[in-house]
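Okay, so here's the structure we're looking at.
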There are 2 protein chains.
Amino acid sequence: MEISELGEFGLIKHLTKDMKPKNESTLTGVGDDCAVLQYPEGNRTLVTTDMLMEGIHFDLQYTPMKHLGYKSAMVNLSDVYAMNGTPRQLVVSIALGKRFKVEDLEDFYEGLRMACESHNVDLVGGDTTSSMTGLAISITCLGEARPEDVVLRSGAKETDLICVSGNLGAAYMGLQLLEREKAIFNEQMKEAQKRGQKVVEPAQPDFAGREYLLERILKPEARRDIIERLAEAGIRPTSMMDISDGLSSELMHICEQSHTGCRVYEERIPLDYQTAAAAEEFNLNVTTCALNGGEDYELLFTVPLTMNDVVSKIEDVRVIGYITAPTEGCKLICRDGAEFELKAQGWNPLKNS
Amino acid sequence: MEISELGEFGLIKHLTKDMKPKNESTLTGVGDDCAVLQYPEGNRTLVTTDMLMEGIHFDLQYTPMKHLGYKSAMVNLSDVYAMNGTPRQLVVSIALGKRFKVEDLEDFYEGLRMACESHNVDLVGGDTTSSMTGLAISITCLGEARPEDVVLRSGAKETDLICVSGNLGAAYMGLQLLEREKAIFNEQMKEAQKRGQKVVEPAQPDFAGREYLLERILKPEARRDIIERLAEAGIRPTSMMDISDGLSSELMHICEQSHTGCRVYEERIPLDYQTAAAAEEFNLNVTTCALNGGEDYELLFTVPLTMNDVVSKIEDVRVIGYITAPTEGCKLICRDGAEFELKAQGWNPLKNS
């Protein structure tokens, strides 16, 4: 169905008709100049926003619209968890060209809805408009936290332990796999076109045994479970952020804002078996992938040294190093004992390439 | 200066370095995963978002970046005033292609800053990234209001008076002027190119006597003054929204959401002299421009009939009609007494053109 058949307001109504606010704090959702919210007395309001641009942040050749909706929400929820908060509301803006149909938007919203439902978040507004060219998505997420729970990037102290959740580098390896298959597919199409033939059955990529890597890049999960486990264990991190640009880059943010240095042990960086296997196949250094790959959406946080025993027992959390005086710099200790200065080679969407 | 020289984080630091939060409710601004806010106990939080896409919402051939920054903020502030609230914080996402320089972003932020300063709003976060093609801007604004002050679109009652602030159609006529001059300029360039010549002194558009129309399209003002005057006069509108898509379209939103009809008098619709003169020159019906032009960012609201004397005395507010039973439909009463059904022919960014 053509989007023009519904128009902007018809479209919004169609896409949001089944969305009933679940949070007490959502008083009025979609349908007025603003959404109206009411947070419990004394609580902090958290606000984060992320923009995703076609051709920069995602490639529709291998990203289903439903996954894109899901991921667009997740990257924002992840920022709220990274403050030790609870996400409550989302507003979603989307600009799309004429090649998109109502069904594409339905898929995108289905993904959004799945993400919102599994995290008890309400979609309370947005803007749906057109674009001359690519697809542009902008999501703002609001959340809340008790004042004493908020964790900033700036609270790390000397001797604090550095911890990460899950494992790193898998999303980056998933991206390499997808990009390789895309190149093969496009090459096959080009060759066929040259010969004036049609490709009836294009070679199907074989991702068997690599499913985890694809899931990490296409359907990341914001780590609410880690926030909950930390709370249960009575741990309030001294600093925290989510890993979107790569471990190196994020560690340097924490150290810069906390005025500290750090030591991270290469052998302690958590890796999945599939990540290591794919890195070998691509002839990449797996530590470099874990340090600079980005898009893992795991949590990076620091806890007081006295919490060592407690934090070490938390499922899916690993201590990878410790915070030092700022004069010590930010360093990686390799398996052979050599020290390397960490560099923020993380994903930079503004670099000249 | 090339944006890549600064990188994403350097750029954000550079652009936001002089921005000191002015609102008590802003606890932490730019620089963490989320901004942290704290609204006074019991107050409502208002959230609105707008996306502006190059080639759809603005044309950089005649829109200076500073004006674009200013307008991007204003269209969001306008939505908060339209709820009878006070805007407090903005988050700004911008995606831009390689043709933009640091100086362009400085201009954009200068416009944002001017808008924020004149309305006491804090810029507390955002996302700066790149785009494969055009410029994309997404702004989310947060505001607050006491519970008893919030005005929705759905509260209009039969016999309520319909009021608008300022005048209508001027932004639309400003756009026509700019589009005409752009066409003349481009034609001149094309002709010169054909002849292998360079245009050293392109014809300068003569906008004398039309300055107001250009200001309306390039530098709209959110009507905080009207909200303040209504409060001083002790008037709480029964319904309100801002006019971004055109009077017809907005009136129909209010009537649909309030389950009412309306009568609006053509002769009561406020017009500026410049709007009327330009409409005549362009051979356009000025009432149609006022009804469907859009981008005026004036306030449309309803007040109880008993407020007639009070509201009529408020500077720059005009009563243009009244609310009826839903069975009466939404109608325009022309100067000759003829009645026409109002149609939402307002600006629709998703229509097929």
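The values are calculated or read from the model by the stated rules, or taken from the named source; none is laboratory data. Computed from a predicted model, the values in this text were never measured in an experiment. Heads up, the Cβs are rebuilt from the backbone with ideal geometry, glycines too, and the neighbour counts pull from every protein chain shown. Ligands, DNA and RNA are excluded from the accessible area calculation, which covers all protein heavy atoms including side chains. Shrake-Rupley method; radii C 1.70, N 1.55, O 1.52, S 1.80 Å.
Quick notes
- The Rg/Rh ratio for chain A is 1.00, where Rg is the radius of gyration of the alpha carbons and Rh is the Kirkwood radius.
- Tail fraction, Cα-Cα pairs, the range B:250-294, threshold 15 Å, whole percent: 52
- The range A:253-353: relative contact order as a whole-number percent, Cα under 8 Å and 6+ apart: 46
- Positive minus negative residues near B:Lys20 (Lys, Arg vs Asp, Glu; Cβ under 12 Å): 0
- 1.4 Å probe accessible area per residue over the protein assembly as shown, in Å²: 43
- Contact order, relative form, for chain A: 21 percent (alpha carbon pairs under 8 Å, 6 or more residues apart, mean separation divided by residue count).
- Each other copy places its own label point for B:Pro205 at 4.7 nm from this one, sorted shortest first, where the point lies 7 Å along the Cα-to-beta carbon line.
- Quotient of the Cα radius of gyration of the range A:268-353 and 2.2 N^0.38 Å, N being its number of residues: 1.26.
- Accessible surface buried once B binds A (1.4 Å probe; total of both sides; Å²): 5800
- Kirkwood estimate for the range B:1-138, i.e. one over the average of 1/r between Cα atoms, Å: 15.5
- Sorted shortest first, the distances from the B:Glu232 label point to those of the same residue in the other copies are 5.9 nm; each point sits 7 Å from Cα along Cα-to-Cβ.
- A Förster distance of 41 Å, applied to the separation of the beta-carbon atoms of A:Glu41 and B:Asp18, puts the FRET efficiency at 0.75.
- All other residues whose Cβ lies under 14 angstrom from that of B:Ser258 are scored, Lys and Arg at +1 and Asp and Glu at -1, for a net of -4.
- Alpha-carbon centroids, the range B:28-101 and the range A:203-219: separation in whole Å: 38
- Rolled with a 1.4 Å probe across the full set of protein chains, the surface gives B:Lys157 an accessible area near 120 Å².
- Chain A: most fluctuating residue of A:Leu37, A:Leu112, A:Leu46 per GNM, C-alpha cutoff 10 Å: A:Leu37
- Most to least accessible of A:Lys13, B:Lys66 (protein chains only, probe 1.4 Å): A:Lys13, B:Lys66
- When the surface is traced with a 1.4 Å probe over the full set of protein chains, B:Met19 keeps roughly 40 Å² accessible.
- Computed over chain A with a Gaussian network model linking Cα atoms closer than 10 Å, the most mobile of A:Gly155, A:Gly329, A:Gly196 is A:Gly196.
- Efficiency of FRET between A:Phe207 and A:Asp316 - r from beta-carbon atoms, R0 25 angstrom, step 0.05: 0.55
- Those residues of the range A:32-51 for which accessible area with every protein chain present is at least 50 Å² below the isolated value (1.4 Å probe): A:Asp32, A:Asp33, A:Cys34, A:Val36, A:Leu37, A:Gln38, A:Glu41, A:Arg44, A:Thr45, A:Val47, A:Thr49, A:Met51
- Peptide A:76-87, shielding by other chains (average Cβ, 10 Å cutoff): 2
- Of the beta bridges in chain B, as assigned by DSSP with both residues counted there, near 75 percent are antiparallel.
- Relative contact order [Cα under 8 Å, 6+ residues apart], the range A:1-86, whole percent: 18
- Ranked from shortest, the separations from the 7 Å Cα-to-Cβ label point of A:Glu280 to its equivalents in the other copies are 8.5 nm.
- Unit charges on C-beta of K, R, D, E only; dipole of the range B:217-353, Debye: 280
- Spherically averaged projected area of the range A:199-353 from its Cα convex hull (nm²): 12.3
- Take A:Val310: with every protein chain present and a 1.4 Å probe, its accessible area is about 60 Å².
- Listing of the range B:129-143 residues, each with accessible area lower by at least 40 Å² in the full protein assembly than in the chain alone (probe 1.4 Å): B:Thr129, B:Ser130, B:Met132
- Charge dipole of chain B about the Cα centre (unit charges at C-beta), most positive-ward option of B:Leu342, B:Phe185, B:Asn283: B:Phe185
- Other residues whose C-beta falls under 12 angstrom from the C-beta of A:Ser138 contribute a net charge of -4, scoring Lys and Arg +1 and Asp and Glu -1.
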